[in-house]
Amino acid sequence: MTVEEPALRAVLRPHASGVAVLTARGEAGPAGVTITSFTSLSARPALVSFALADTSGTWALVRDAEWFGIQLLGAHQTELAERFATRGADRFAPPTGWHTGPHGVPLLDGCLGWLVCARQQRSRVGDHHLVVASVEHVREGAPGQSLVHLHGRLRPVTSTPASRI
C-alpha cells in the first residue's frame, strides 16, 4: 500500500525546501525553471542532484543537456523564483539579468551562489526524472538571507541558525 498524494503533500508542507533555479542551454536558447528538489549528495566527489516532473515543460528543453547551472536564490529574489515557475513565461527576458557562464550555461545575476554542473546520471523515478551531476565550477555571491518554500509559499529565512550540522 502506498500513501495517497494529498496525505504526502500535507505531511511535507511544513518541511522547508531551499529554492534554486536550474538553467541550461537548450536547442532553442536558454532554458530554466525554479526547483525545490536541489540537494547536495557528496563532497568527495562533489555531486548534487535535482528532479523535474514529467509534466515540466522545461524537462523537454534540458533533458539532453550535458551542463547545468544551479542558482541559489536569496530572499530578495521572490519575483525571479515566481517568473521561473510560471508556465509559458519568457523567463530570460527583461527584467531578468543573466549572462553566459562556463560551458555556455546561462547564469542569473544577483544570486547567493552559483554552481555549474556536468550531468553524470539521469534516471526516471516515479513521475520525475532524477539527475545527478558533478559540480565543476562554483561562485559565491553577496551574503544574504536564503529563500525557502514552506507551507506552499516562498519565504525568506529570517533568523540565523542556532547550530551547525
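Every number in this text was worked out from the coordinates using simple rules, so none of it is lab data. Not measured: the values here are computed from a predicted model. Counting neighbours? That spans all protein chains shown, and the Cβs are built from the backbone with ideal geometry, glycine included.
So the values come out like this:
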read-out: Span per principal axis, largest first, for the Cα atoms of segment 72-165 (Å); value: 37, 35, 29
read-out: Cβ-defined net charge surrounding Thr36, 14 Å radius [Lys, Arg +1; Asp, Glu -1]; value: +3
read-out: Charge sum, other residues only, whose C-beta stays under 15 Å from His15's C-beta, Lys/Arg counted +1 and Asp/Glu -1; value: +4
read-out: Value of D in µm² per second that Stokes-Einstein yields for segment 1-64, Kirkwood Rh from Cα pairs, at 25 °C (0.890 mPa s); value: 176 µm²/s
read-out: Cut-off of 10 Å, at most 16 other beta carbons, DSSP loop: longest stretch of the chain lacking such GluC sites (Glu not before Pro); value: 67-165
read-out: Taking segment 1-148 and dividing mean pair separation by its residue count, relative contact order in percent (alpha carbons under 8 Å, at least six apart); value: 27 percent
read-out: Segment 79-160: trypsin sites (Lys or Arg not before Pro) falling in loop per DSSP and having at most 15 other Cβ within 10 Å; value: Arg87
read-out: Cα-Cα P(r), the chain, percent of pairs per 10 Å interval; value: 10, 39, 38, 13, 1
read-out: Surrounding net charge for Gly26, when Lys and Arg each add one and Asp and Glu each subtract one, Cβ distance under 11 Å; value: 0
